[in-house]
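Take this structure first; my questions come after.
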Amino acid sequence: MLSLLLLALLARCSGVSVADPSLAEAPLDWWQNITVYQIYPRSYKDSDGDGIGDLKGITSRLEHIKDAGCGALWLSPIYASPMKDFGYDISNQTLIDPIFGNLDDFKALQKKSKELGLKLILDFVPDYSSDQHIWFKKSVKKIDPYTDYYVWHDGKIDNATGKRTPPNNWVSAFKGSAWAWNEERQQYYYHVFTVQQPDLNYRNKHLVEDMKDVLRYWLRLGVDGFRVDSIPHLFEDTRFLDEPLTHTPGLQPTDYDYTEHVFTQNLPETYDMVHQFRRVLDEFRAADNHTRLMMTEAYANISQMMGYYGTDEKPGAHFTFNFLPIMHLSRSSTAQNFSDVIFEWLDNVPKGRWSNWVFGNHDQPRVASRFGSDLADGINTLLTLLPGTAISYMGEELAMTNTFLTWNQTVDPQGLNAGPQNYSSFSRDPERTPFQWDNSTSAGFSSNPRTWLPVNPNYKTLNLAAEAAAPTSHYKVYQQLNQLRRSRTVQRGSLTVRVVSEWVLAFTRELAGEDTVLAAVNLGPSESTVDLTQHFSGLPQMATVATASVNSGLRRGDKSSPASLKLKGKATVVLTSGQVSGSS
Ligand code: NOJ
Ligand code: MG
């Protein structure tokens with residue numbers, strides 16, 4: 001009995017509130033209250049029937065992003081590329097790859113985005129180029145100023161055999177040595193990803209200027225910001241020492257996690273370079289007072305991630321992606337685990353800076369596959385209603401799932417390098433298959449029955465057209481969540497999180513004079529009836545359902561009592577103290 005009481009007490013105290021009073025009235029900038037919609041251009045919409053998505057395709061379906069309730073689109077790379085890493089291997093950063101279209105197509109996309117009120121964000125890939133880039137070709141030939149644009153090294157001569165070996169034990173994130181021998185230059189070059197992606201040398205001032213000019217090129221064309229790729233890898237330690245071993249059982253020297261990346265990731269110089277990129281964006285803001293957004297990609301520890309926000313004197317990104325949910329949460333996580341992740345982020349965001357939430361992207365198994373389709377609405381609820389910018393990967397609004405692909409169907413270099421036995425643990429193809437628009441040929445993605453990656457066979461029933469027509473669907477929940485997101489309460493209200501039980505997580509967003517929003521997510525498989533008035537003060541007797549997961553048995557507009565809220569297994573309910581317009 002006593003232990004039960006203690007447990008109950010503990011559960012009640014584990015909630016934490018955050019209220020930043022400065023937020024209540026400060027004007028919010030365009031990027032702060034939107035959901036950013038990530039498009040993987042090869043897979044969104046194909047306009048010319050070659051089975052690969054393209055810019056005209058995206059333009060023809062921009063309305064969907066607006067209808068879903070998002071405020072910006074971020075395009076994964078659209079630049080000239082031999083496509084060894086499907087666009088992240090760039091041979092010219094200021095040209096559009098013909099697979100995707102041309103500059104006129106880009107301008108048309110941009111014009112329509114503007115008309116729809118959508119901001120346009122591009123991917124900026126500073127860390128490496130393609131080996132087909134003119135810079136690399138000239139670097140191989142030691143033509144200045146390109147001679148040192150990449151990380152070159154003579155390697156070591158093995159005393160016993162007299163043979164040349166790579167300079168050290170640095171491993172590629174895609175498996176094997178990170179050093180590749182170049183016959184022509186008679187030196188090794190460093191590549192953290194594919195062999196065809198030589199790493200650029202940020203200790204070379206000309207290179208730094210060239211990369212800033214890439215930013216300026218797109219900024220002059222009027223883009224609203226950048227997602228900055230692979231930030232931790234910008235600098236390497238110039239002593240070229242072996243990295244220490246992690247001693248993780250079961251790993252081979254060719255596995256990336258075999259070594260601790262103390263000489264190849266998050267070096268102090270990196271934070272200053274991020275600040276320098278930010279200054280370029282701010283040059284443009286200074287001219288017209290329109291913020292150019294910078295969001296950085298870094299899977300790193302919490303202090304390193306926070307470091308990419310920069311300081312007041314030297315600001316870095318507007319925010320660095322919050323990858324904690326991806327790194328630390330899964331379908332077996334408890335309410336306490338979720339609460340811990342939420343506060344690990346919120347408690348560490350530098351004072352006065354803005355939060356964000358990321359649950360999926362083109363590098364991670366789909367949310368519905370990682371957490372289960374029955375929890376997809378619950379995850380979207382956290383994504384959109386927690387304080388900060390929401391980043392959504394295309395298809396998450398439909399709860400699209402991973403597509404099973406055979407070894408023979410695999411094209412992702414990370415999957416291929418893992419080999420036929422292990423490819424499925426590494427390949428990112430399953431989350432990159434075409435967007436499922438409807439139940440026609442190739443899910444309405446392409447007129448071509450053969451697409452660059454096969455369409456998920458579940459497209460016959462799992463598609464946008466079906467979800468838009470159904471009385472309740474993941475898509476409708478997503479729309480309702482984004483609508484709620486536009487309320488002052490969600491934009492600026494305080495957050496209180498409570499661990500109601502092992503599996504039920506609840507939180508409120510509150511703002512003086514506005515309706516309160518209350519969300520409860522049942523992370524567990526069994527039904528649970530909770531008394532939320534025990535966990536939050538000031539809740540009304542009866543509240544209105546603002547949205548509820550498809551498996552909840554409730555619908556927008558229904559009435560429900562916070563004192564005895566019945567949550568089916570894996571169900572989510574969002575209540576408001578106010579009125580809602582329209583039902584379902
Ligand atoms: C980060 C991108 O998100 C990922 O898709 C890519 O494979 C790596 N950069 C390497 O290019
Ligand atoms: Mg095409």
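Just the residues that are within 12 Å of ligand 1 (Cβ to nearest atom) and of a type in the set (Phe, Trp, Tyr), please, taken from segment 40-59.
The one that is within 12 Å of ligand 1 (Cβ to nearest atom) and of a type in the set (Phe, Trp, Tyr): Tyr40.
Answer yes or no as to whether Leu245 is closer than 20 Å to Val151 by Cβ and either away from ligand 2 (no atom under 16 Å from the Cβ) or acidic (Asp, Glu) (or both).
No.
Pick from Arg370, Arg353: which is in contact with a Lys or Arg (Cβ under 7 Å, 6 or more places away or on another chain), of a type outside the set (Val, Ile, Thr) and open to solvent by 10 Å² or more (accessible area, probe 1.4 Å)?
Sole residue among the options that is in contact with a Lys or Arg (Cβ under 7 Å, 6 or more places away or on another chain), of a type outside the set (Val, Ile, Thr) and open to solvent by 10 Å² or more (accessible area, probe 1.4 Å): Arg370.
Based on this model, can you work out whether Ala180 counts as assigned to a strand (DSSP E or B) and aliphatic (A, V, I, L, M)?
Criteria met by Ala180.
Another question, then. Please state which one of Phe136, Phe106 is farther than 20 Å from Phe226 by Cβ and crowded, with 20+ Cβ neighbours inside 10 Å.
Every option except Phe136 fails the conditions.
Return the residue satisfying two criteria in turn: it lies in segment 26-54 and is more than 9 Å from ligand 2 (Cβ to nearest atom) and without any contact (Cβ under 8 Å) to a residue 60 or more places away in the chain, and of such residues it is surrounded by the fewest Cβ atoms within 10 Å (Cβ to Cβ).
Pro27
Would you confirm whether any residue within segment 457-473 is of a type in the set (S, T, N, Q), open to solvent by less than 10 Å² (accessible area, probe 1.4 Å) and assigned to a helix (DSSP H, G or I)?
No, segment 457-473 has no match at all.
Just a yes or no: is a residue in segment 383-405 in a helix (DSSP H, G or I), under 18 Å from Ile52 (Cβ atoms) and among the β-branched types (Val, Ile, Thr)?
no
Related question: Please verify whether Leu207 is under 30 Å from Trp30 (Cα atoms) and open to solvent by less than 10 Å² (accessible area, probe 1.4 Å), treating the condition exactly as stated.
No: the conditions fail for Leu207.
Here is a follow-up. For segment 103-134, enumerate the residues that are within 18 Å of the chain's Cα centre (by Cα), within 16 Å of Pro41 (Cβ to Cβ) and charged (D, E, K, R).
Within segment 103-134, Asp123 is the sole residue that qualifies.
Something else: State all residues of segment 412-456 that are part of a loop (DSSP other than H, G, I, E, B) and free of Cβ contacts under 8 Å to residues at least 60 places away in the same chain; if no residue qualifies, say none.
Selection gives Ser427, Gln436, Asp438, Asn439, Ser440, Pro449, Pro454, Val455, Asn456.
Sticking with this one: Identify the residue in segment 150-171 that is farther than 26 Å from Met211 by Cβ and assigned to a strand (DSSP E or B) and, among all such residues, is farthest from the chain's Cα centre (by Cα).
Ranking the candidates gives Ile157 first.
The values are calculated or read from the model by the stated rules, or taken from the named source; none is laboratory data. These numbers were taken from a predicted model, which means no experiment stands behind them. Because the Cβ atoms are built from the backbone with ideal geometry, glycine has one as well, and the counts that use them run over all protein chains shown. Areas reflect the complete protein model, heavy atoms only, side chains present, ligands, DNA and RNA absent. Shrake-Rupley method; radii C 1.70, N 1.55, O 1.52, S 1.80 Å.
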